[in-house]
Amino acid sequence: MFEIVFLGTSASAPSVHRGLSAQVVMHNEYRFLIDCGEGTQRQILQSGLGFKRLERILITHGHLDHIYGLGGLVSTFLRWETIERLEIWAGRWALDRIYDLLYGVALKGAHAPFPLELHEVKPGRLLEDESFSLSAFPVEHRGADSFGYLFEEKSHRPFLAERAAVLGVPAGPIRRDLVAGLAVTLPDGRRVGPEEVLGPAQTGTRLVHIGDCGNTQGLAEVVGAADALTIEATYLEDEAEMARDFGHLTAAGAARLARAAGVKQLYLTHLSRRYRERDILDEAQRIFPATIVARDFDHYVVSKDRDKEKEKEKGKKTAAAT
Ligand SMILES: [Zn+2]
Ligand SMILES: [Zn+2]
């Protein structure tokens with residue numbers, strides 16, 4: 001299961017109701033801030049998430065509406081907030097710009113009092129633990145080195161507690177061994193194999209985040225049948241030519257990708273101030289009905305369990321939005 005909290009859903013410049021690009025993806029103890037537009041630190045506070053464990057930042061690309069908040073965020077970490085470390089992951093072009101922003105302006109010769117690591121993103125696996133993996137893949141947008149991110153839970157075989165009880169398997173380390181795929185000997189000498197108490201393998205939840213994107217060719221295979229896809233929808237189809245010129249998608253273009261990939265749920269973000277949310281939603285839903293246009297502070301659970309997915313919590317609205 002993953003959770004996503006949208007912190008900023010506006011394109012290029014903020015609006016009264018929408019901040020600049022930023023969202024947090026959570027899984028177990030992990031928190032990933034994806035993009036950090038200007039004003040993100042205040043959005044983090046307002047969302048109730050706070051700065052705790054916010055140690056990994058993934059950047060989709062180096063345009064200012066996605067990185068300018070890093071200067072302010074790091075500045076706060078330097079003076080007032082205690083964090084253990086900070087990793088910033090970005091493509092080469094974005095990383096050079098972030099380096100200038102942090103070392104040329106925010107730090108200006110000073111040393112960060114915590115490990116501050118800038119990592120270059122290359123396509124492929126970035127991180128893996130026993131329950132999930134995080135990978136990056138290239139995305140076409142204006143400028144170089146744009147990336148999308150794939151969060152993928154590992155498949156697992158559920159432990160069938162009722163079967164285990166019938167077989168007389170006691171709780172404790174014996175069960176752990178069975179879950180780990182090992183055969184065990186019960187106290188009464190009987191042997192029990194893992195296949196007797198483990199159900200069929202269940203594929204893990206997949207969440208794909210794509211930032212700004214000018215061309216979806218080839219992305220359907222990468223996105224696959226993700227449980228959720230978050231992607232930009234800056235334009236409407238009647239300005240498709242302008243969308244192409246600026247390396248962006250229309251709502252219809254994003255919906256066509258979701259349909260081709262066979263995703264379960266589509267979340268649209270990065271909205272232009274020139275359009276009404278309703279028009280973006282209508283255009284996308286005509287092609288892909290399971291579309292939601294994200295608002296700042298929306299909080300969604302992405303899970304194989306459809307009921308859980310429906311437990312959408314509308315986040316706290318800003319004073320400005322209400
Ligand atoms: Zn942008
Ligand atoms: Zn951009």
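What are the pairs with Cβ atoms under 6 angstrom where one residue, in the range 33-61, is more than 22 Å from G148 (Cβ to Cβ) and open to solvent by 10 Å² or more (accessible area, probe 1.4 Å) and the other, located anywhere, is among the small types (G, A, S) and more than 16 Å from ligand 2 (Cβ to nearest atom)? Sequence gap at least six, or different chains.
Q41/G72
Can you name every residue in the range 1-25 that is open to solvent by less than 30 Å² (accessible area, probe 1.4 Å) and of a type in the set (S, T, Y)?
Scanning the range 1-25 gives T9, S10, S21.
From the list T230, T234, which residue is out of contact with any helix residue (DSSP H, G or I) (no Cβ under 7 Å at 6 or more places or on another chain), within 16 Å of ligand 1 (Cβ to nearest atom) and at pLDDT 95 or above?
Values: T234 fails: out of contact with any helix residue (DSSP H, G or I) (no Cβ under 7 Å at 6 or more places or on another chain).
From the options T230, T234, the qualifying one is T230.
So how many residues does the range 151-176 have that are open to solvent by 20 Å² or more (accessible area, probe 1.4 Å) and in a strand (DSSP E or B)? Steps first, answer last, please.
The initial filter retains those residues of the range 151-176 that are open to solvent by 20 Å² or more (accessible area, probe 1.4 Å), namely 152-163, 165-168, 170-176.
Filter once more, keeping what is in a strand (DSSP E or B): 152-153, 156, 159.
Qualifying residue count for the region: 4.
Could you look through the range 270-300, keep only residues that are assigned to a strand (DSSP E or B) and not β-branched (V, I, T), and pick out the one that is surrounded by the fewest Cβ atoms within 10 Å (Cβ to Cβ)? Outline the logic, then answer.
We begin by selecting, within the range 270-300, every residue assigned to a strand (DSSP E or B); these are 271, 291-293, 299-300.
Then keep just the ones that are not β-branched (V, I, T); that gives 271, 299-300.
Working: L271: 24, H299: 20, Y300: 24.
Selected residue: H299.
Name the residue, out of K308, K314, that is in contact with a strand residue (DSSP E or B) (Cβ under 6 Å, 6 or more places away or on another chain) and at pLDDT below 95.
Numbers: K314 fails: in contact with a strand residue (DSSP E or B) (Cβ under 6 Å, 6 or more places away or on another chain).
Exactly one of K308, K314 is in contact with a strand residue (DSSP E or B) (Cβ under 6 Å, 6 or more places away or on another chain) and at pLDDT below 95, namely K308.
Just give me the residues in the range 107-116 being in contact (Cβ under 8 Å) with a residue 12 or more places away in the chain and either assigned to a loop (DSSP other than H, G, I, E, B) or surrounded by fewer than 13 Cβ atoms within 10 Å (Cβ to Cβ) (or both), in sequence order. Steps first, answer last, please.
First, pick out the residues of the range 107-116 that are in contact (Cβ under 8 Å) with a residue 12 or more places away in the chain: 107, 110, 112-116.
Once the filter is applied, which keeps residues that are in contact (Cβ under 8 Å) with a residue 12 or more places away in the chain and either assigned to a loop (DSSP other than H, G, I, E, B) or surrounded by fewer than 13 Cβ atoms within 10 Å (Cβ to Cβ) (or both), the range 107-116 yields L107, A110, A112, P113, F114, P115.
Which is touching a residue at least 12 places away in the same chain (Cβ under 8 Å), open to solvent by 30 Å² or more (accessible area, probe 1.4 Å), more than 16 Å from ligand 2 (Cβ to nearest atom) and not in a helix (DSSP H, G or I), of P138, P187? Working first, answer last.
Numbers: P138 fails: more than 16 Å from ligand 2 (Cβ to nearest atom).
On inspection, the qualifying residue turns out to be P187.
Can you name the residue in the range 230-245 that is open to solvent by 50 Å² or more (accessible area, probe 1.4 Å) and farther than 30 Å from H299 by Cβ and, of all such residues, is nearest to the chain's Cα centre (by Cα)? I'd like the intermediate steps shown before the answer.
First, pick out the residues of the range 230-245 that are open to solvent by 50 Å² or more (accessible area, probe 1.4 Å): 237-238, 241-242, 244-245.
Next cut, farther than 30 Å from H299 by Cβ only: 238, 241-242, 244-245.
Details: D238: 29, E241: 29, M242: 27, R244: 25, D245: 27 Å.
Checking each candidate, the answer is R244.
Please indicate, with yes or no, whether at least one residue in the range 211-225 is within 16 Å of ligand 1 (Cβ to nearest atom) and part of a strand (DSSP E or B).
yes
Does G148 meet the test of being at pLDDT 95 or above, closer than 28 Å to A11 by Cα and surrounded by 13 or more Cβ atoms within 10 Å (Cβ to Cβ)?
Values: at pLDDT 95 or above: yes; closer than 28 Å to A11 by Cα: yes; surrounded by 13 or more Cβ atoms within 10 Å (Cβ to Cβ): yes.
Here the answer is yes, as G148 does meet what is asked.
Residues in the range 232-255: is at least one within 16 Å of ligand 2 (Cβ to nearest atom), among the charged types (D, E, K, R), part of a helix (DSSP H, G or I) and free of Cβ contacts under 8 Å to residues at least 40 places away in the same chain?
Looking only at the range 232-255, we keep the residues that are within 16 Å of ligand 2 (Cβ to nearest atom), and these are 232-235, 242-250, 253-254.
Then drop every residue that is not among the charged types (D, E, K, R), which leaves 232, 244-245.
Among the residues that remain, those that are also part of a helix (DSSP H, G or I) are: 244-245.
Now restrict to residues that are free of Cβ contacts under 8 Å to residues at least 40 places away in the same chain: 244-245.
Scanning the range 232-255 turns up at least one residue that is within 16 Å of ligand 2 (Cβ to nearest atom), among the charged types (D, E, K, R), part of a helix (DSSP H, G or I) and free of Cβ contacts under 8 Å to residues at least 40 places away in the same chain.
The values are calculated or read from the model by the stated rules, or taken from the named source; none is laboratory data. Bear in mind that the values here come from a model prediction, so they are computed numbers and not experimental data. Every residue, glycine as well, gets a Cβ built from its backbone with ideal geometry; the counts of neighbours run over all protein chains shown. With ligands, DNA and RNA removed, areas are computed over all heavy atoms of the protein, side chains included. Shrake-Rupley method; radii C 1.70, N 1.55, O 1.52, S 1.80 Å.
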